[in-house]
Number of protein chains: 2
Amino acid sequence: MKPGITVITLGVKDFKRSLNFYKNGLGWPTKATETDSIAFFELNGTRLALYPKDDLAKDANIPAGGSGFSGITLSHNVSSESEVDSLIVDLRRIGAKIVVEPHRTSWGGYGAYFSDPDGYLWEVVYNPGWKIDKDGLVKFP
Amino acid sequence: MKPGITVITLGVKDFKRSLNFYKNGLGWPTKATETDSIAFFELNGTRLALYPKDDLAKDANIPAGGSGFSGITLSHNVSSESEVDSLIVDLRRIGAKIVVEPHRTSWGGYGAYFSDPDGYLWEVVYNPGWKIDKDGLVKFP
């Protein structure tokens, strides 16, 4: 199995609300199919999809019920501390819930967390040891 | 906020077990820091990280408890139906739990699901309408 994730799909409770957050709030471009129940975002690297949580559970043949921490976080690395700060200002303005304010991390980075309308967690972070390439992907040392 | 996810972090219960699954089972290369409690995988596109679930929850300032469906799935698109079949054979051999056997999907694709040691769901899928580029990423039509 080649090392790679092609799509990450977030199972959402209210499709229109989530689509509005990512498409109009964050301003991310949808591509390919965008219907009343599925949207694909054209991102650098792994693509993002939104799909109703119940339908996603059905596809995977598991019960849709679930509560508490999903166990998964998504990171958005940037190139400086000030970029973290300014993104958090923007995110607060569009109504994202800031769950951890920008702060220096234990490992020498600088980051913050916000949550999307379903409570999925996103880290906005600067790691001084990593470069961001022209495609917006991280270059490990 | 530029459209992109740099890292997907899976919060895991037993770090060594999960590291073994991804590194030795799937054969995916770790890069950057790999310690007793964090590993980064050098993937095409968005990178993957493993980190203890309790620590991840603490970083995000939320309770670590959670149960049932995480609400998130990760996809691994391939270029043919036979590639889905052969990957599932490989995955079964390394002890991955196949939760949905390869089958034709409602939208004209062909796919299957497996779960990792923490129950995180992966879709192995062929979408005849999408191309896979040289970097292993999907090209939307």
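Results, tabulated for the structure shown:
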| item | result |
| --- | --- |
| Filtered residue count, the range A:55-65, keeping only those that are in a loop (DSSP other than H, G, I, E, B) and either touching a residue at least 12 places away in the same chain (Cβ under 8 Å) or surrounded by 15 or more Cβ atoms within 10 Å (Cβ to Cβ) (or both) | 3 |
| Of all residues making up the range B:43-69, the number that are among the polar types (S, T, N, Q) and under 13 Å from the mean Cα position of the chain (by Cα) | 2 |
| Single match in A:ILE38, A:ILE8 (criterion: in contact (Cβ under 8 Å) with a residue 60 or more places away in the chain and within 16 Å of B:PHE140 (Cβ to Cβ)) | A:ILE8 |
| The range A:16-55: number of residues that are at pLDDT 95 or above and either of a type in the set (S, T, N, Q) or assigned by TED's automatic domain parsing to the domain that holds A:ILE94 (or both) | 1 |
| Leading residue by the ranking (surrounded by the most Cβ atoms within 10 Å (Cβ to Cβ)) among those in the range A:114-126 that are facing another protein chain (nearest Cβ under 9 Å) and more than 11 Å from A:VAL84 (Cβ to Cβ) | A:LEU121 |
| Any chance A:GLY95 is facing another protein chain (nearest Cβ under 8 Å) and at positive phi | no |
| Unique residue being small (Gly, Ala, Ser), touching a residue at least 40 places away in the same chain (Cβ under 8 Å) and surrounded by fewer than 20 Cβ atoms within 10 Å (Cβ to Cβ) when the list is B:GLY68, B:GLY95, B:GLY45 | B:GLY95 |
| Residue satisfying all of: in the range A:20-31; in contact with an Asp or Glu (Cβ under 8 Å, 6 or more places away or on another chain) and over 13 Å from B:GLY4 (Cα atoms); surrounded by the fewest Cβ atoms within 10 Å (Cβ to Cβ) among these | A:LYS31 |
| Condition broken by A:SER70, with the remaining ones in (1) within 7 Å of chain B (Cβ to nearest Cβ); (2) under 18 Å from B:THR105 (Cβ atoms) satisfied | (2) |
| Criterion (out of contact with any helix residue (DSSP H, G or I) (no Cβ under 8 Å at 6 or more places or on another chain) and at positive phi) met by exactly one of A:ASN44, A:ASN61, A:ASN24, A:ASN77 | A:ASN61 |
| Scope the range B:17-54; condition in a helix (DSSP H, G or I) and facing chain A (nearest Cβ under 10 Å); matching residues | B:TYR22, B:GLY25, B:LYS53, B:ASP54 |
| Failed item in (1) touching a residue at least 12 places away in the same chain (Cβ under 8 Å); (2) farther than 30 Å from A:GLY68 by Cβ; (3) more than 10 Å from chain A (Cβ to nearest Cβ); (4) in contact with a strand residue (DSSP E or B) (Cβ under 9 Å, 6 or more places away or on another chain), with B:GLY108 passing the rest | (4) |
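The values are calculated or read from the model by the stated rules, or taken from the named source; none is laboratory data. Treat the numbers as computed from the prediction; the structure is a model and nothing was measured. Reconstructed Cβ throughout: ideal geometry from the backbone, glycine too, with neighbour counts over all protein chains shown.
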